[in-house]
1. Return the residue satisfying two criteria in turn: it lies in the range 194-220 and is under 23 Å from D154 (Cα atoms) and touching a Cys at 6+ places or on another chain (Cβ under 8 Å), and of such residues it is surrounded by the fewest Cβ atoms within 10 Å (Cβ to Cβ).
2. Suppose we filter the range 221-251 for residues that are surrounded by fewer than 17 Cβ atoms within 10 Å (Cβ to Cβ) and either touching a residue at least 60 places away in the same chain (Cβ under 8 Å) or closer than 30 Å to H158 by Cβ (or both); how many remain?
3. For the range 47-63, which positions are of a type in the set (S, T, N, Q) and either exposed (fewer than 14 other Cβ atoms within 10 Å of the Cβ) or closer than 17 Å to L96 by Cβ (or both)?
4. Within the range 65-72, is even one residue hydrophobic (A, V, I, L, M, F, W, C) and in a strand (DSSP E or B)?
5. So which residues in the range 268-295 are among the hydroxyl-bearing types (S, T, Y) and surrounded by 13 or more Cβ atoms within 10 Å (Cβ to Cβ)?
6. Those residues that are modelled with pLDDT under 90 and of a type in the set (S, T, Y), I need them from the range 39-89; list them, please.
7. Considering each residue of the range 227-278, count those that are of a type in the set (D, E, K, R) and within 21 Å of the chain's Cα centre (by Cα), and give that number.
8. Any residue at all in the range 201-220 that is out of contact with any Gly (no Cβ under 9 Å at 6 or more places or on another chain), among the small types (G, A, S), under 22 Å from A173 (Cβ atoms) and free of Cβ contacts under 8 Å to residues at least 12 places away in the same chain?
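The values are calculated or read from the model by the stated rules, or taken from the named source; none is laboratory data. Nothing here was measured: the structure is a model prediction, and the numbers come from that model. Glycine also receives a Cβ, built like all others from the backbone with ideal geometry; neighbour counts cover every protein chain displayed.
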Amino acid sequence: MIIGNFFYTWDGKLLSHNCFIIEEGLQQGRVLSPILFNVYDSDTNVAAELETDGVNSNSFADDRIIYTADNDVDRIIFKLQDRINKINNHYLNWNLKINGSKSEAIFFRQACNHLKVSQYNRIKAAKFNVKDQNGIIIEIPVRKTVKYLGITFDHLIHLTTHHKIQLGKARTAIKSNSRIFYNSNLSVKAKIICYQLLIRSLITYAAPMLWNMGPTVMEKYRKLERSALRSCIRRHRKAETDYRERISNANIYNMANITRIDCFYLKLCRNYYAGYQDIGNPIMDNLRCPSDEICKDRCATGYISPEMFTFCDKIGVLQDEFNLPIRTRE
């Protein structure tokens, strides 16, 4: 993919006269780069013996995650540091290296008032490091929030930071494209399409993981969407009331001819869970409910996983064929 490519070095002022030929590696931004690197890195888990003793490891291209669960903090630190050393030694044999400056560690745990003081102190004092090919030790910082594949995880897995970031990105995108949304020469349909491509794609990223979003957070997304739609259709107040009353939200969605953001979330989640059998990933297959009878038993307990939502839809207890929640009538 990089045959025939070359580069020059530049320090901000001066450009080098030497031309450096690229002989190996993958170019970022190419469609096939992640797939090719996955093929190249596919034997790392087995060769480095990463997935043993309750430790798991998954990767997408050059983003690798190593995780384990245990009640003993010291045992967690030992297991993770051992896997870091193993994968680092394996990579050095293949002319690769771990980028310690871009690596992060996080402890997913309960709130401080549910932890023992000794556990909290061990977590606070935890340290991880990686040694490069020159023998220089680089410390891997322990964070309270980490970003993996576009999702920001916090140590309590509330995902509040992720929602704040996505809402901030959406607001920035709306301001950056205000000339589109407030343009009187563009048709409403064209502006709605721009909204769906530029804004809605940001606030619906990783929707299947956010299926348990609280109503307060969802209302923030709905408020942002309603504001954007009013700008697109240029309808804010009723003409028949001398522009004193605002147009209802239902009329806004009808004029925009677009599905409400929370219902669209439901559709994305259901489509994802319904396509589990087509993924072909054994980890995902283990999450599937094996039979309808087991699904019924789990539903009776009141604790159901999102993988059973499609079964509940099939028997008509959660939402209808239009992805609208079914309202119970007394």
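1. Here is the first cut: in the range 194-220, the residues under 23 Å from D154 (Cα atoms) are 201-220.
Next cut, touching a Cys at 6+ places or on another chain (Cβ under 8 Å) only: 207-208, 211.
Working: A207: 17, P208: 14, W211: 16.
Residue satisfying both the conditions and the ranking: P208.
2. 5
3. Within the range 47-63, T52, S57, S59 meet the criteria.
4. Step one: filter the range 65-72 for residues hydrophobic (A, V, I, L, M, F, W, C), giving 65-66, 69.
From the residues that got through so far, the ones that are in a strand (DSSP E or B) too are 65-66.
Yes, there is a match, as at least one residue in the range 65-72 is hydrophobic (A, V, I, L, M, F, W, C) and in a strand (DSSP E or B).
5. Step one: of the range 268-295, the residues among the hydroxyl-bearing types (S, T, Y) are 272-273, 276, 291.
Scanning the range 268-295 gives Y272, Y273, Y276.
6. Answer for the range 39-89, where residues must be modelled with pLDDT under 90 and of a type in the set (S, T, Y): Y40, S42, T44, T52, S57, S59.
7. Initial filter on the range 227-278 (of a type in the set (D, E, K, R)): 230, 234-235, 237-238, 240, 242, 244-246, 260, 262, 267, 270, 278.
Now narrow it down to the ones that are within 21 Å of the chain's Cα centre (by Cα): 262, 267, 270, 278.
Going through the range 227-278 one residue at a time, the tally reaches 4.
8. Filtering the range 201-220 down to residues out of contact with any Gly (no Cβ under 9 Å at 6 or more places or on another chain) leaves 201-204, 207-220.
Subset that is among the small types (G, A, S): 201, 207, 214.
In the following step, the residues that additionally are under 22 Å from A173 (Cβ atoms) were identified as 201, 207.
Among the residues that remain, those that are also free of Cβ contacts under 8 Å to residues at least 12 places away in the same chain are: 201.
Checking the range 201-220: at least one residue is out of contact with any Gly (no Cβ under 9 Å at 6 or more places or on another chain), among the small types (G, A, S), under 22 Å from A173 (Cβ atoms) and free of Cβ contacts under 8 Å to residues at least 12 places away in the same chain.
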